[in-house]
Amino acid sequence: MKKAIFVILLIFLTILICIYMNYKQMAMAQAEAQKFNKTYEFYNQKAILGTDITTVINKAMDNNETYAVPKDEKNQYIPNETDSIKIYLCLKAEDKPSPMEEIVEIGLTDFTALFGELTFQCADVKYHEKTGKIAEMTFILPEY
């Protein structure tokens with residue numbers, strides 16, 4: 001009888017430990033996502049300069065390189081379900097968004113020289129479903 005009670009308590013304790021570890025892991029993942037998003041949420045404003053666009057593109061490129069996000073034949077990052085981030089840019093509201101890789105290919109220095117003092121706004125932010133991290137941000141130049 002004592003062995004049966006001991007086994008039941010041991011099983012119950014094991015289940016509690018598993019639940020706690022799962023909760024702890026989820027809490028850590030959520031905290032990591034919040035920390036990651038805080039870096040980019042700064043740029044989710046109504047008015048942000050072209051120089052800030054250059055900064056957010058550089059951060060996104062560094063992030064994609066850190067997490068080894070693969071590229072396609074056009075040398076553009078292929079979005080994954082967890083860690084990738086894409087930045088899109090529209091010079092007119094009705095234009096098709098240009099991915100950050102096209103801006104980098106043209107040259108961030110030239111982009112900053114042409115658009116550095118102009119005001120952009122963040123038009124859209126999308127998040128990864130699995131991790132809650134920012135997946136895409138789209139910026140438009142409303143007045144140009």
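The values are calculated or read from the model by the stated rules, or taken from the named source; none is laboratory data. Remember, it's a predicted structure, so these values are computed and weren't measured experimentally. FYI the Cβ positions are ideal-geometry reconstructions off the backbone, even for glycines, and counts take in every protein chain you see.
Restricting the stretch 121-137 to residues that are part of a strand (DSSP E or B) and small (Gly, Ala, Ser), which is nearest to Ala47 (Cα to Cα)? Top of the filtered list is Ala123. A single entry from Leu91, Leu141, Leu108 fulfils the requirement of being hydrophobic (A, V, I, L, M, F, W, C), touching a residue at least 40 places away in the same chain (Cβ under 8 Å) and closer than 13 Å to Met61 by Cα: Leu108. Scanning the stretch 28-49 for any residue that is in contact with a helix residue (DSSP H, G or I) (Cβ under 6 Å, 6 or more places away or on another chain) and of a type outside the set (Gly, Ala, Ser) turns up at least one such residue.
The residues in the stretch 30-85 that are assigned to a loop (DSSP other than H, G, I, E, B) and among the aliphatic types (A, V, I, L, M) can be counted, and the count is 5.
In the stretch 116-124 there is no residue matching the filter, namely being without any contact (Cβ under 8 Å) to a residue 12 or more places away in the chain and not hydrophobic (A, V, I, L, M, F, W, C). Go through the residues of the stretch 101-108 one by one and say whether even a single one is modelled with pLDDT under 90 and part of a loop (DSSP other than H, G, I, E, B). Looking for residues that are modelled with pLDDT under 90 and part of a loop (DSSP other than H, G, I, E, B), one finds at least one in the stretch 101-108, hence yes. Taking the criterion of being of a type in the set (A, V, I, L, M, F, W, C) and without any contact (Cβ under 8 Å) to a residue 60 or more places away in the chain, the residues of the stretch 12-32 that qualify are Phe12, Leu13, Ile15, Leu16, Ile17, Cys18, Ile19, Met21, Met26, Ala27, Met28, Ala31. A search for C-beta distances below 6 Å between a residue of the stretch 43-68 that is within 10 Å of Phe120 (Cβ to Cβ) and any residue that is part of a helix (DSSP H, G or I) and not polar (S, T, N, Q), counting only pairs 6+ apart in sequence or on different chains, returns Tyr43/Val56; Gly50/Phe115.
Looking across Ile5, Ile17, Ile48, one residue alone is of a type outside the set (Phe, Trp, Tyr) and within 24 Å of Glu105 (Cα to Cα). It is Ile48. Among the residues of the stretch 92-104, are any within 16 Å of Gly50 (Cβ to Cβ) and under 16 Å from the mean Cα position of the chain (by Cα)? Within the stretch 92-104 (the criterion being within 16 Å of Gly50 (Cβ to Cβ) and under 16 Å from the mean Cα position of the chain (by Cα)), the answer is yes, since at least one residue qualifies.
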